[in-house]
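Got a structure for you, written out below as structure tokens; questions coming shortly.
The values are calculated or read from the model by the stated rules, or taken from the named source; none is laboratory data. Just so we're clear, the structure is a prediction, and the values are computed from it rather than from any experiment. Counting neighbours? That spans all protein chains shown, and the Cβs are built from the backbone with ideal geometry, glycine included.
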Protein chains: 2
Amino acid sequence: MGQPAALRCISCGKEYDPSQIDYTCPTCGPRRGTLEVLYDYDRLKKQLSRTTFAESGLESMWRYLPLLPVVQPEFIQPLRVGWTPAYRFPVLAERLGLKELFVKDDGQNPTASYKDRASSIVVIKAQEREREVVTCASTGNAASSLAGFSASTSLRTMIFVPKRAPEAKVAQLLIYGAQVFLVDGSYDDAYDLAAQAADAFGWYNRSAAVNPYLVEGKKTGALELAEQTNWNPPDAVFVGVGDGSVISGLCKGFDELARLGLIDKVPRVYGVQAEGSSPIEAAFRAYDGASDVPIHDIAAYTLADSICVGKPRDIVKAVTYVHANGGGFVTVSDEEILTALRDLAQQTGVFAEPAGAAALAGLRKAVEKHNMSFDSAAIVVSGNGLKDIASARKAVRAQAVSIRPLLEEVKRYL
Amino acid sequence: MGQPAALRCISCGKEYDPSQIDYTCPTCGPRRGTLEVLYDYDRLKKQLSRTTFAESGLESMWRYLPLLPVVQPEFIQPLRVGWTPAYRFPVLAERLGLKELFVKDDGQNPTASYKDRASSIVVIKAQEREREVVTCASTGNAASSLAGFSASTSLRTMIFVPKRAPEAKVAQLLIYGAQVFLVDGSYDDAYDLAAQAADAFGWYNRSAAVNPYLVEGKKTGALELAEQTNWNPPDAVFVGVGDGSVISGLCKGFDELARLGLIDKVPRVYGVQAEGSSPIEAAFRAYDGASDVPIHDIAAYTLADSICVGKPRDIVKAVTYVHANGGGFVTVSDEEILTALRDLAQQTGVFAEPAGAAALAGLRKAVEKHNMSFDSAAIVVSGNGLKDIASARKAVRAQAVSIRPLLEEVKRYL
């Protein structure tokens with residue numbers, strides 16, 4: 001097991017003993033003081049090879065257990081999390097001027113989003129800490145995955161979502177048995193409230209960024225992309241960005257593989273933000289690599305609810321990691337997201353939620369508008385389109401045709 | 001490749017050359033004359049062993065290609081179909097008095113239902129036949145899977161669904177680019193209309209039962225359950241039943257494995273029908289194993305839309321196969337289905353659509369009401385709960401609590 005050797009503050013660099021601290025650096029505070037999980041890489045380098053993971057026989061992200069912060073593996077849930085397909089679609093690749101395009105479909109996780117990778121870890125950490133309640137603020141997916149992964153444990157789940165969360169995500173929460181608070185405010189209001197409640201009632205907090213173990217789950221998408229491409233990952237990886245934790249996880253995953261000598265080339269990781277919700281993209285543009293990451297929160301709006309975040313909690317980590325990685329950020333309009341959603345479904349059969357389709361919209365923008373060029377790229381589809389039917393309906397003009405059960409009526413419409 | 005050796009009529013037993021016939025026995029007609037796909041089992045028995053499938057390295061149902069009717073494998077789509085998880089849940093097993101319970105979660109297929117197993121085959125057969133259009137009548141899942149698997153091909157898809165199909169399923173169809181006809185009538189009306197249109201316009205018909213290759217895809221769930229239990233499948237397998245094709249597939253899959261010497265014990269397969277939609281259960285009760293399967297169509301109603309079928313098209317095969325298998329049928333109320341849906345989600349984290357939860361309701365009914373007893377059992381969750389949020393909401397009384405973003409408001413509700 002990759003029992004963490006230390007937790008290190010992303011801003012001041014101070015290291016903490018994992019048994020001494022749950023969330024963030026006391027000196028730098030919850031926003032700038034998010035923690036990185038460090039392992040004994042020298043020991044891991046001796047123990048691991050490219051074949052280690054397949055030899056586990058596990059068809060889930062638990063094949064990477066040696067690189068994950070699990071101390072008591074008996075708390076691993078049965079649900080199959082991760083090891084999602086990385087599809088090759090040659091026709092779509094060619095249209096984008098790529099030799100190869102991979103579509104990593106994380107909508108096929110147990111609760112149908114990338115967030116399952118993080119929640120499955122947090123449910124273990126909560127039990128290792130002998131907590132009885134886990135809590136989370138969420139635009140929807142993080143919460144439903146937390147509720148789903150808690151379901152077969154004795155943990156109770158308290159969820160805070162903004163009142164505009166899509167109906168399907170709220171229904172998922174209720175059916176998994178979570179106590180759901182619909183907060184009359186933004187995701188950011190829900191976030192602050194969850195933190196206060198965790199503090200007041202001793203609940204274990206899975207909200208984005210504040211919990212250092214989330215990024216560990218989220219890095220597994222990178223580990224899988226590397227292994228699924230036979231340790232020759234694509235030149236670029238595109239992913240939608242809200243709080244900045246998923247992209248931080250992808251950067252950390254590729255970086256760790258390089259440190260361990262398992263890949264020779266680190267893909268550039270590109271974050272895609274919606275035009276109305278792009279504070280991390282703005283911070284990245286203003287960041288010089290030396291001084292503090294500049295933080296300017298905004299009132300965000302995009303129909304891609306999963307990445308509608310005006311006060312991104314993992315902004316320091318996301319900007320720092322992507323800068324070190326050599327990647328970047330692009331912004332896309334909601335219309336571009338919907339077009340990508342439709343084209344992805346109609347050209348590949350992968351039905352993404354808007355935040356998942358944003359990855360394709362961003363890749364397109366990079367290639368067509370910003371004249372970037374890659375031999376190969378991957379897009380991470382972070383959630384299933386079934387989670388947000390209303391947006392999907394906006395993506396297609398076609399309507400179902402109502403007819404009586406008569407052949408003449410069919411003929412009339414052909 | 002398991003190129004089919006012959007197609008045999010389930011009623012008269014006459015055999016046909018697969019290149020000579022597309023759908024049903026001309027003598028017995030479309031209802032009683034559904035065809036069985038036969039292979040050269042002697043040859044297969046020599047070629048196959050228990051390790052053959054894992055050696056393919058394929059983490060999808062294509063690991064069973066030698067047992068599937070695919071002539072041109074170049075038409076296999078990239079989407080990962082099948083090889084869905086078979087979870088063990090010891091606590092739920094114990095509550096049911098079982099030593100072991102498996103939950104086969106087919107909601108994790110590309111379009112989130114068991115039907116992907118059949119559609120992926122039909123899309124190949126349509127291309128092998130050089131057809132340009134595929135069609136299907138469906139309560140929803142078969143259609144969305146056909147549209148999803150057609151998406152990355154040049155096939156066009158024409159879909160007939162009853163107007164009461166859940167919104168998410170219709171949205172899926174449109175986003176995949178299918179032409180959708182909402183038929184003002186029942187599923188049975190939509191079915192007849194699709195058959196007429198296929199006939200009139202030369203479309204390849206994927207509607208249930210009429211196409212002999214559907215059951216071949218559907219049998220892969222049985223093959224997987226056997227392999228996932230190390231060739232020692234559970235005593236009983238429970239599955240929701242609408243048209244009768246999925247249960248026919250499961251029976252055929254286990255039967256073929258036994259014929260090939262790959263399993264020693266054939267599980268008993270139990271079909272679960274909703275009380276308001278149980279014509280196959282009724283036919284099974286009246287069937288004596290010798291005379292014709294008695295067919296009495298009804299006007300069906302159940303909220304489990306995927307198994308709401310009053311005129312089941314694969315009734316002859318389903319009754320004949322289950323009779324030969326030694327299994328049976330049980331009926332459950334809609335309330336029992338909703339209770340099972342809730343309990344499954346809250347005790348395992350698997351969120352099923354009502355027809356998927358019916359399998360658990362049926363297992364419960366068999367054990368608690370009919371005093372059946374098994375050491376081990378499996379339930380097949382045939383579709384993802386995200387497909388039918390409205391029904392899921394009926395399954396839980398709990399509501400989300402609307403609050404202002406203030407800690408006092410949280411306290412008030414605890």
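Based on what the data block shows, is A:ALA345 part of a helix (DSSP H, G or I), more than 19 Å from the chain's Cα centre (by Cα) and within 22 Å of A:TYR287 (Cβ to Cβ)?
Against the criterion (part of a helix (DSSP H, G or I), more than 19 Å from the chain's Cα centre (by Cα) and within 22 Å of A:TYR287 (Cβ to Cβ)), A:ALA345 does not qualify.
If B:GLN179 passes every condition in (1) closer than 24 Å to A:PHE89 by Cα; (2) out of contact with any Leu (no Cβ under 9 Å at 6 or more places or on another chain) but one, which one does it miss?
All conditions pass for B:GLN179, except number (2).
Looking at segment B:145-158 only, could you name the residues that are over 16 Å from A:GLN399 (Cβ atoms), more than 7 Å from chain A (Cβ to nearest Cβ) and of a type in the set (Gly, Ala, Ser)?
Residues satisfying the conditions are B:SER145, B:SER150, B:SER154.
Which of the numbered conditions does A:LYS99 fail, given that it passes all the others? Conditions: (1) among the basic types (Lys, Arg); (2) touching an Asp or Glu at 6+ places or on another chain (Cβ under 6 Å); (3) modelled with pLDDT under 95.
In the conditions (1) among the basic types (Lys, Arg); (2) touching an Asp or Glu at 6+ places or on another chain (Cβ under 6 Å); (3) modelled with pLDDT under 95, A:LYS99 misses (3) alone.
Considering only segment A:351-361, I want to know if a residue exists there that is facing chain B (nearest Cβ under 7 Å), closer than 21 Å to B:ALA171 by Cα, touching a helix residue (DSSP H, G or I) at 6+ places or on another chain (Cβ under 9 Å) and surrounded by 15 or more Cβ atoms within 10 Å (Cβ to Cβ).
yes
For a quick check of your reading of the model, give me the residue pairs whose first member lies in segment A:307-331 and is of a type in the set (Gly, Ala, Ser), whose second is in a loop (DSSP other than H, G, I, E, B) and surrounded by fewer than 22 Cβ atoms within 10 Å (Cβ to Cβ), with beta-carbon atoms closer than 6 Å and at least 6 apart or on different chains.
So the pair list comes out as A:GLY310/A:ASP297; A:GLY310/A:ILE298; A:GLY310/A:ALA299; A:GLY310/A:ALA300.
Another question, if that's okay. From the residues in segment A:384-398 that are at the interface with chain B (Cβ under 8 Å from one of its Cβ atoms) and without any contact (Cβ under 8 Å) to a residue 40 or more places away in the chain, which one is farthest from A:THR302 (Cα to Cα)?
The extreme case among them is A:ALA398.
Working only within segment B:390-412, note down all residues that are modelled with pLDDT of 90 or more and outside any helix (DSSP H, G or I).
B:VAL396, B:ALA400, B:VAL401, B:SER402, B:ILE403, B:ARG404, B:PRO405, B:LEU406 - these are the residues of segment B:390-412 that are modelled with pLDDT of 90 or more and outside any helix (DSSP H, G or I).
Counting only residues that are under 20 Å from A:SER138 (Cβ atoms), not in a loop (DSSP other than H, G, I, E, B) and not basic (Lys, Arg), how many does segment A:286-322 have?
Here the count works out to 5.
Could I ask something else about it? Would you pick out the residues in segment A:112-141 that are in contact with a Phe, Trp or Tyr (Cβ under 9 Å, 6 or more places away or on another chain) and under 14 Å from A:VAL381 (Cα atoms)?
A:ALA112, A:ASP116, A:ASN141 - these are the residues of segment A:112-141 that are in contact with a Phe, Trp or Tyr (Cβ under 9 Å, 6 or more places away or on another chain) and under 14 Å from A:VAL381 (Cα atoms).
Hey, B:LYS311 hits all of (1) within 21 Å of the chain's Cα centre (by Cα); (2) surrounded by 21 or more Cβ atoms within 10 Å (Cβ to Cβ) but one; which does it fall short on?
B:LYS311 satisfies every listed condition except (2).
Could you tell me which of the residues A:VAL330, A:VAL367 is at pLDDT 95 or above, more than 14 Å from chain B (Cβ to nearest Cβ), more than 27 Å from A:VAL293 (Cβ to Cβ) and not in a loop (DSSP other than H, G, I, E, B)?
Within the list A:VAL330, A:VAL367, the selection yields A:VAL367.
Among (1) buried (at least 24 other Cβ atoms within 10 Å of the Cβ); (2) modelled with pLDDT of 95 or more; (3) away from chain B (no Cβ under 14 Å); (4) under 21 Å from A:THR139 (Cβ atoms), where does A:ALA377 come up short?
(4)
Can I ask one more? Out of A:SER207, A:SER186, A:SER150, which single residue is at negative phi and surrounded by fewer than 24 Cβ atoms within 10 Å (Cβ to Cβ)?
A:SER186
If you go through segment A:172-194, how many residues are more than 8 Å from chain B (Cβ to nearest Cβ), modelled with pLDDT under 95 and more than 19 Å from the chain's Cα centre (by Cα)?
1
For every residue, the table says whether it meets (1) under 29 Å from A:ASP235 (Cβ atoms); (2) at pLDDT below 95; (3) not charged (D, E, K, R).
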residue	(1), (2), (3)
A:VAL70	no, no, yes
A:ILE76	no, no, yes
A:PHE89	yes, no, yes
A:ALA137	no, yes, yes
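Another one. Looking only at segment A:370-389, which residues are charged (D, E, K, R), in a loop (DSSP other than H, G, I, E, B) and more than 23 Å from A:GLU224 (Cα to Cα)?
Residue satisfying the conditions is A:ASP388 alone.
Return the total of residues in segment A:169-227 being assigned to a loop (DSSP other than H, G, I, E, B) and among the polar types (S, T, N, Q).
Matching residues across segment A:169-227 total 3.
Which of the following residues is under 25 Å from B:SER120 (Cα atoms) and surrounded by 24 or more Cβ atoms within 10 Å (Cβ to Cβ): B:ILE247, B:ILE280?
The match here is B:ILE247.
Do you know which residues across segment B:394-414 are in contact with a Leu (Cβ under 7 Å, 6 or more places away or on another chain) and of a type in the set (Lys, Arg)?
Of everything in segment B:394-414, just one residue is in contact with a Leu (Cβ under 7 Å, 6 or more places away or on another chain) and of a type in the set (Lys, Arg), namely B:LYS394.
Pick from B:ASP243, B:ASP264: which is in a loop (DSSP other than H, G, I, E, B), within 23 Å of B:SER49 (Cα to Cα) and out of contact with any Cys (no Cβ under 9 Å at 6 or more places or on another chain)?
B:ASP264
When the residues of segment B:57-94 are filtered to those that are within 14 Å of chain A (Cβ to nearest Cβ) and exposed (fewer than 14 other Cβ atoms within 10 Å of the Cβ), which remaining residue is nearest to A:SER60 (Cα to Cα)?
B:GLY57
Still on this model: Just name the residue that is nearest to the chain's Cα centre (by Cα) out of those in segment A:399-410 that are surrounded by fewer than 15 Cβ atoms within 10 Å (Cβ to Cβ) and within 7 Å of chain B (Cβ to nearest Cβ).
A:VAL401
Now, a different point. Inside segment B:4-37, can you point out the residues that are farther than 18 Å from B:GLU128 by Cβ and touching a Leu at 6+ places or on another chain (Cβ under 9 Å)?
Within segment B:4-37, B:ARG8, B:CYS9, B:ILE10, B:GLU15, B:THR24, B:CYS25, B:GLU36 qualify.
Restricting attention to segment B:159-171, does a residue exist that is acidic (Asp, Glu), surrounded by fewer than 24 Cβ atoms within 10 Å (Cβ to Cβ) and within 9 Å of another protein chain (Cβ to nearest Cβ)?
Within segment B:159-171 (the criterion being acidic (Asp, Glu), surrounded by fewer than 24 Cβ atoms within 10 Å (Cβ to Cβ) and within 9 Å of another protein chain (Cβ to nearest Cβ)), the answer is yes, since at least one residue qualifies.
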